[in-house]
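Single-structure report; data block below.
The values are calculated or read from the model by the stated rules, or taken from the named source; none is laboratory data. Keep in mind it's a predicted model, so treat the numbers as computed, not measured. Here the Cβ positions follow ideal geometry from the backbone for every residue, glycine too, while neighbour counts run over all protein chains shown.
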C-alpha cells in the first residue's frame, strides 16, 4: 500500500501558514504500516489540483488530501477529485442538517448558498461527519485506488482523520511500524565537545544497512538522533525485532547515549 499526501491551499505556498497537517498525517500513516512516498502542496487552482491528482493516482494507491473543502469558489478539492472517478456531486440531507445545526450553534440561522455547498458530496462516497466543523471528510474508492479528503483546519483534520482511519484506512494494512529513538549526548553533555553525525554513522557501520529494522541517523542541534524502525503484524512483534539492534547500538556507543525511548509523538 503506497500512500501520498496532497495539501491544497495557496496560503501554504505563500508561507502564510505552516503545513502541520502533512507532518501529522505522515506520522499516523507510519504507525499504521502504510508506506508514504510523496508529499505535494498545490495552490487553489483547478487545473493544477487536477494535474497533481492525476500524477498521484498514477503512482500511489491511497491519496490523502487536505484543504479545499470549504464553501467558497476556490475550494475545489471534492469537485476535482470526484471527476477522476467519474462521480457527480449530489446533495446529502444528513450533511446539510449537520451544517444547519452547526451554524445555529454559532448563532447563525440563515444558511447562505455558499454554505449549502458543503452538503454536496461525491455520489457513492463515504461521508464522515466533521464533529468540530462544517466540511465533512470524504472517502472515494474505485478498483485499487482510493482518495480520502480531509478539511484543512488542523483541529478538524485530526478529528476527521481519526474516523477515516477507523472506518477505512486501518483496513488497508496488516502491519504496523514502531520506532525507537536513541539520543546521543550533545555538546553540553560530553566532556570533549560535539559528536557529529558522521562519526556516529562510522561507529555503527553496517548496522545502517539493516532492512527490518532500519537504522538511520539524524543531525540535531543538541546532538545526534538514531531512529530504529521495525515493521510487524503488531507492536509486540515489531519491538521483538527492534530489541537486538538497539542492544547492539547501546554496546557500541555506550556512554555516548543520553536516552532511549519509543517514538510515540
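Listed by first and then second residue, the pairs linking a residue in segment 184-200 that is more than 8 Å from residue 224 (Cα to Cα) to a residue that is modelled with pLDDT under 65, with Cβ atoms under 9 Å apart and 6 or more places separating them unless they lie on different chains, are 187/193; 187/194. Please go through segment 228-256 and give me each residue that is farther than 10 Å from residue 178 by Cα, in contact with a strand residue (DSSP E or B) (Cβ under 7 Å, 6 or more places away or on another chain) and surrounded by fewer than 16 Cβ atoms within 10 Å (Cβ to Cβ), ordered by number. Hit for segment 228-256 is 250, nothing else.
Looking at 176, 215, just one residue is closer than 30 Å to residue 124 by Cα and buried (at least 19 other Cβ atoms within 10 Å of the Cβ), and that residue is 176. Among the residues of this structure, residue 58 does not count as one that is loosely packed, with under 12 Cβ neighbours inside 10 Å, touching a residue at least 12 places away in the same chain (Cβ under 8 Å) and part of a helix (DSSP H, G or I).
Answer yes or no as to whether residue 63 is in contact with a helix residue (DSSP H, G or I) (Cβ under 7 Å, 6 or more places away or on another chain), assigned by TED's automatic domain parsing to the domain that holds residue 9 and assigned to a helix (DSSP H, G or I). Walk me through it before giving the result.
Values: in contact with a helix residue (DSSP H, G or I) (Cβ under 7 Å, 6 or more places away or on another chain): yes; assigned by TED's automatic domain parsing to the domain that holds residue 9: yes; assigned to a helix (DSSP H, G or I): no.
For residue 63, the condition - in contact with a helix residue (DSSP H, G or I) (Cβ under 7 Å, 6 or more places away or on another chain), assigned by TED's automatic domain parsing to the domain that holds residue 9 and assigned to a helix (DSSP H, G or I) - is not met.
Would you check if residue 238 is under 21 Å from residue 34 (Cβ atoms), under 23 Å from the mean Cα position of the chain (by Cα), modelled with pLDDT under 95 and assigned to a strand (DSSP E or B)?
Details: under 21 Å from residue 34 (Cβ atoms): yes; under 23 Å from the mean Cα position of the chain (by Cα): yes; modelled with pLDDT under 95: yes; assigned to a strand (DSSP E or B): no.
No, not satisfied.
Taking segment 210-264, which residues are touching a residue at least 60 places away in the same chain (Cβ under 8 Å) and in contact with a helix residue (DSSP H, G or I) (Cβ under 7 Å, 6 or more places away or on another chain)? 231, 249, 253, 257, 260 - these are the residues of segment 210-264 that are touching a residue at least 60 places away in the same chain (Cβ under 8 Å) and in contact with a helix residue (DSSP H, G or I) (Cβ under 7 Å, 6 or more places away or on another chain).
So if I check each of 140, 149, which one is within 17 Å of residue 21 (Cβ to Cβ) and part of a strand (DSSP E or B)?
149
In the set 246, 228, which member is closer than 21 Å to residue 35 by Cβ and at pLDDT 95 or above? Spell out how you get there, then give the answer.
On the way: 246 fails: closer than 21 Å to residue 35 by Cβ.
It is 228.
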